[in-house]
Amino acid sequence: MRIKNANNVAGAGRNRCNGNGNGNNSAVLPANIKDVLRFLNEDDVKIVLKSGKCEEVEVLGVNGNLLAAEYEDDIKFVDIDCICEVIADPEDVIEGLFKQHRCNC
């Protein structure tokens, strides 16, 4: 028996999460620094400021254009426009993506 089109097999090739059947993943990478920091909430990250200074902080939250972070036992507020890079543990990034884009199958 030869199958001409694997998509004709029951359930094959269908994306049950979004129902569009094209098989594309609906998860979206963050579009900007603010989105990155939002899904890394409560995680330790390194932020690189436009001045070139690198700081290891724990993300406490993001409100508007302001990052609230714990830095050396203090709370620090940073304008997100001053951050040019966020360095995070790959496991935290993947976990953050899955928290944001859960499939309700």
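Listing for the model above:
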{"quantity": "Tabulated pairs, the range 64-75, first in contact (Cβ under 8 Å) with a residue 12 or more places away in the chain and surrounded by fewer than 15 Cβ atoms within 10 Å (Cβ to Cβ), second hydrophobic (A, V, I, L, M, F, W, C) and not in a strand (DSSP E or B), C-beta under 8 angstrom, 6+ apart or interchain", "calculated": "Asn65/Ile80; Leu66/Ile80"}
{"quantity": "Whichever residue in the range 81-98 is crowded, with 17+ Cβ neighbours inside 10 Å and among the β-branched types (Val, Ile, Thr) and, among such residues, is farthest from Leu67 (Cα to Cα)", "calculated": "Val93"}
{"quantity": "Test set (1) in a helix (DSSP H, G or I); (2) of a type outside the set (Phe, Trp, Tyr); (3) under 16 Å from the mean Cα position of the chain (by Cα) - Asn41 fails condition number", "calculated": "(1)"}
{"quantity": "One residue from Val59, Val45 being surrounded by 14 or more Cβ atoms within 10 Å (Cβ to Cβ) and either farther than 20 Å from Ala31 by Cα or touching a residue at least 40 places away in the same chain (Cβ under 8 Å) (or both)", "calculated": "Val45"}
{"quantity": "Single residue of Val78, Val57, Val62, Val48 found to be of a type in the set (A, V, I, L, M), at pLDDT 95 or above and touching a helix residue (DSSP H, G or I) at 6+ places or on another chain (Cβ under 6 Å)", "calculated": "Val62"}
{"quantity": "Some residue of the range 7-15 being closer than 20 Å to Leu97 by Cβ and modelled with pLDDT under 85", "calculated": "yes"}
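The values are calculated or read from the model by the stated rules, or taken from the named source; none is laboratory data. Worth saying up front: this structure is predicted, and the values here are computed from it rather than measured. Note: ideal-geometry Cβ built from the backbone for every residue, glycine included; neighbour counts use all protein chains shown.
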